[in-house]
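Working notes, beginning with the structure itself.
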Amino acid sequence: MRRWSLALLLTLAAPVLAQEAQEAPAAAPAPEPAPAPAPAAEQAAPAGESAPTGESAPAERPRRRRARQEAAAEAPAPAAQPSAPPAPAVQAPAPVPAPTAQAPAPEAPAAPAAAPEPGSVQEQVRDEARYLFGYLLTGDVRGTVPMLSFPFQLEERRFDAPEPLVVTWVKELRNKRTDLVTLYDIEVLPYVEMEKKYGKPPARLGAIVPRGTDVYAAVANLSGRAAVLLYRQDGEGWKAFAYTD
């Protein structure tokens, strides 16, 4: 049945196929439209290259770009020109150090006085004055009482008893910072010679100097300042009866 059906279909289709084959040559193919002219930039192909035709031109453009990029990458880089040497830095002049103030030289003590003769009055007075100044510089005013003769003249004040003198002298020495004072030397002179060498003592002391009595002056160098004790003989020894500085 299948073979019969296939043969019947071929028989019926044969006349139709023959007619279409006769009509096909009669219909002339329609002319294809002419391609649009390529731009002048695309038509002008470089020497040694064939002009691109049809749709091959767009494909050639990226190829030429890649070829130029590869050629630029393979080309040797230009030699770097040596840079100019850096200009030498200008050094600022070193600052001149300011002159430092020199500390004042310590005041040199005066030349020591000539040593008195052994056993002389000057030696006795000098020893008494050395002990008395030693007590005063340590602040022990009460220890000087046995070395003093009353009435005692302390600057412009007169003391007839030891106790008021001790209280007053302690206050004055505390204000003068005797712990910073140094006893360098003591010179002993008769009162008359002291006036000739150093001048008259203050008026407050001159009035109490007894007339007709041997009086000696013990001039001490206390850190460059003069302090004077006046001595007279009282009993068996020499005792101080006046002080000034």
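Determine the gain in length on full extension of the stretch Arg211-Asp140; use 0.36 nm per residue of separation and subtract their C-alpha separation, reporting nm with one decimal. Each step should come with its number before you reach the end.
Details: separation 71, 0.36 × 71 = 25.56 nm, distance 3.16 nm.
Taking Arg211 through Asp140 to full extension adds about 22.4 nm, to one decimal.
With the simple spin-label model, which puts each label point 7 Å out from Cα in the Cβ direction, the Asp160 to Ala226 separation comes to 3.3 nm.
Solvent exposure of the range 110-201 amounts to 61 Å² per residue of accessible area, where only protein heavy atoms count and the probe is 1.4 Å.
Can you tell me which lysines have their Cα less than 28 Å from the Cα of Lys176? Leave out same-chain residues fewer than eight positions away. Output for Lys176: Lys197, Lys200, Lys239.
The values are calculated or read from the model by the stated rules, or taken from the named source; none is laboratory data. Please read these numbers as outputs of a predicted model, since none were measured by experiment. No Cβ is skipped: glycine too gets one built from the backbone with ideal geometry, and neighbour counts run over all protein chains shown. Please note that ligands, DNA and RNA were not included when accessible areas were found on the heavy atoms of the full protein model with its side chains. Shrake-Rupley method; radii C 1.70, N 1.55, O 1.52, S 1.80 Å.
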